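Written below as structure tokens is the structure these notes are about.
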Amino acid sequence: MSFRSLFPTISKLFSQQSRQTLKSSCQKAVKPLVFSSVGLLLAGGVTWVAGDQLVKRQSAEMDAQAAEFFQQYPPVESNASARSLNRLFEPLGIAAVDNGPKGEALSIQSSKSYSSELSRAIRHYFRDQRLKAEGSIDPLPVAIQSHLADHAEALKQVEMHLRSQPAPVWSFNSDWFTDFDQASSTTIGIRDIHRLLLFKALSDHQKGQLQDMTAALEAAQVLANAPAKRPDLISYLVSLLMLDNSVAVMRHLDGLSPEITAQLLTYDQQQLSIDRLHFENWAFQQALSKGLSKPNSVEPMFGTAARGLATIPMLVFERPYVLLSTINSARVQTAIYQQLPGQTICSFPPEDIHNTVTEALPWWNILGKMSAPSFVEQWRKGGDRMLTAELNHLVTQAKALASKQGTWPETLPDLTSNACPNERWVYEVSPAGEMSLSFSREFDWRVNDDLNPARYIPLTYSANLSNSAGF
């Protein structure tokens, strides 16, 4: 008899015995499984309740502190000067300020007047001027000259208004930055108008009309002050872009008054960046807290839709985790920012700030560790732009003194750095008639690469007296 022929009988016997065994085994196994599952659910429930209470208590504390913080930034309405400028900007096809839903939402699109050719010409022109550490300003490309000619009258009206009327103040409300459902205010359009005023000044310089050049630069600086005075980080970064563009071209100009370049030194950019980072820190924490407190907020914010029952643990535990992470990050960053006043990028390297932040964050706050580097970078930008503005002013001083006396001055009035008080600028004049300026120290992080070949303006400059047309 083969095994195959015995299989039905054996199978029948095994089936009868196995059913009893399986039933007995299941009864023994299910009991601890049921108790362990209940235990896990109870443990999870206790953890959730404790976490939820902790989140509510800490959120209430943060809300009270945030309310006190934002009291120093009450809502502001646009003044008459800003409203008039909005109308003057219309022929230029640029919306200077696009505010939240309660502000003056402007619908002008920059693309109406900024063709791809013009945008490329502007981008390449500033890049080339930034990279130069000597020589005269490059002539304006044809595309830029044509654009200036097409909008000469409108730009002249903007310039006259900025020089003769009160400084513009556009509306502001901190609520636009503490609620994800409201559109944030952006001042990037001011940067575009500012660039046109710089180009007008460069066009006047090429024509030898130095008085007109000065007027355009003065108007440009009045406009640049508007975002610099706003407390939000976005406006601050826009103001740094304008400072960067000004420095990129001014140091190559002849016949420029040092009083103009001195205006770029008005703000302590390092302290300003700390203030703006404080605002961003509180605004983000409040926006996320408000967002997560709304019904069904986790699903759209964290993409938990269409996961079936698997979303239940995430919906239960994700919300308190994100809130606790944000609260913890806000507190750590606030403590770090409070240590920064009085420090400089020379005395307190940015990488030390990053290490301090990441070490202060607990192991579980992964979200906080991911966001730390981006905030540190903004503080470094402020210090770096202060240095380039100082170099710009010293170059202009040297050129102005040389134009009066026919030779380079033996020294300059003040070579101490305000951005880095323990450092100074090195000024030298060679027997061959070349002036050179350089910073007394180097930075490892000031490196241009293929992805951003003009990220940093050189902290050195040289000029030859015999090649300067303005002397």
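Using a 1.4 Å probe on the protein heavy atoms only, what accessible surface does Phe439 show? Give it in Å² to the nearest 10.
So the heavy atoms of Phe439 present about 20 Å² to solvent.
Students often check this: by mean Cβ neighbours within 10 Å, which of 117-125, 423-431 ranks highest, and how do the rest follow? Walk me through the intermediate numbers first.
Values: 117-125: 15.6, 423-431: 14.0.
For the peptides 117-125, 423-431, the packing ranking is 117-125, 423-431.
Where does each of 409-419, 188-198 land if you order them by average Cβ count within 10 Å, highest first?
Working: 409-419: 14.4, 188-198: 22.1.
Highest-to-lowest ranking by the protection proxy: 188-198, 409-419.
Where the centroid of each part is defined by its Cα atoms, how far is the range 371-418 from the range 344-366 in Å?
Cα centres, the range 371-418 to the range 344-366: 28 Å.
How much of the accessible area of the range 352-471, in percent, comes from carbon and sulfur atoms when a 1.4 Å probe is used? Walk me through the numbers on the way to the answer.
Working: 3070 of 6110 Å².
The value for the range 352-471 is 50 percent carbon and sulfur by accessible area.
Alpha carbon centre of the range 75-94 versus the range 222-291: separation in Å?
20 Å
Probe radius 1.4 Å, ligands and nucleic acids left out: which of Lys290, Lys404, Lys200 has the largest accessible area, and how do the rest follow?
Numbers: Lys290 70, Lys404 175, Lys200 30 Å².
Largest accessible area first, the list is Lys404, Lys290, Lys200.
Measure off, as a whole percent, the carbon and sulfur share of the 1.4 Å-probe accessible area of the range 134-280, all protein chains present. Each step should come with its number before you reach the end.
Working: 2660 of 5240 Å².
Heavy-atom surface of the range 134-280 belonging to carbon and sulfur, 1.4 Å probe: 51 percent.
Using θ = phi - 60° and the Karplus relation 6.51 cos²θ - 1.76 cosθ + 1.60, list the HN-Hα couplings for the range 150-156 in order, rounded to whole Hz, with x at every Gly or Pro.
Running phi through 6.51 cos²θ - 1.76 cosθ + 1.60 with θ = phi - 60° gives 5, 10, 4, 5, 4, 5, 5 Hz.
If Leu92, Leu148 are ordered by their accessible area, calculated over protein heavy atoms with a 1.4 Å probe, which sequence runs from highest to lowest? It would help to have the intermediate numbers written out before the result.
Numbers: Leu92 0, Leu148 25 Å².
So, going from the largest accessible area down, we get Leu148, Leu92.
Taking only protein heavy atoms into account and a 1.4 Å probe, give the accessible area per residue of the range 334-466 in Å². Kindly include the intermediate steps, with their values, before the conclusion.
Details: 6590 Å² over 133 residues.
It amounts to 50 Å² per residue over the range 334-466.
Where a ≥ b ≥ c are the square roots of the eigenvalues of the C-alpha gyration tensor, would you call the range 162-247 rounded, which needs a/c under 1.5, or, failing that, prolate if a/b is larger than b/c, or oblate?
Working: a/c = 3.39, a/b = 2.38, b/c = 1.42.
Prolate is the answer for the range 162-247, as a/c is 1.5 or above and a/b outweighs b/c.
How much of the calculated P(r) for the range 313-471 lies past 23 Å, in percent of all Cα pairs? Present the calculation step by step, with values, prior to reporting the outcome.
Numbers: 6855 of 12561 pairs.
When all Cα pairs of the range 313-471 are counted, 55 percent exceed 23 Å.
Relative to the Cα centre, what is the charge dipole magnitude of the range 333-437, using +1 at the beta carbon of each Lys and Arg, -1 at the beta carbon of each Asp and Glu, and rounding to the nearest 20 debye?
Details: 7 positive and 11 negative charges, 60 e Å.
Here the range 333-437 has a charge dipole of around 280 debye.
Can you compute 3J(HN,Hα) from phi for each residue in the range 385-402, using the Karplus curve 6.51 cos²θ - 1.76 cosθ + 1.60 with θ = phi - 60°, rounded to whole Hz and x for Gly and Pro?
Result, rounded to whole Hz: 5, 4, 5, 5, 5, 5, 4, 4, 5, 5, 4, 5, 4, 4, 5, 5, 5, 5.
Output the peptides 381-387, 249-255, 79-85 sorted from most to least packed, where packing is the average of other Cβ atoms within 10 Å over each peptide's residues. Don't jump to the answer; show the numbers that get you there.
Details: 381-387: 23.7, 249-255: 21.4, 79-85: 17.3.
In decreasing order of mean packing, 381-387, 249-255, 79-85 become 381-387, 249-255, 79-85.
The values are calculated or read from the model by the stated rules, or taken from the named source; none is laboratory data. Being a predicted model, the structure only gives us computed values, none of them experimental. As a convention, Cβ positions derive from the backbone with ideal geometry for all residues, glycine included, and neighbour counts pool all protein chains shown. Remember, those area values only see protein heavy atoms, side chains included, never the ligands or the DNA or RNA. Shrake-Rupley method; radii C 1.70, N 1.55, O 1.52, S 1.80 Å.
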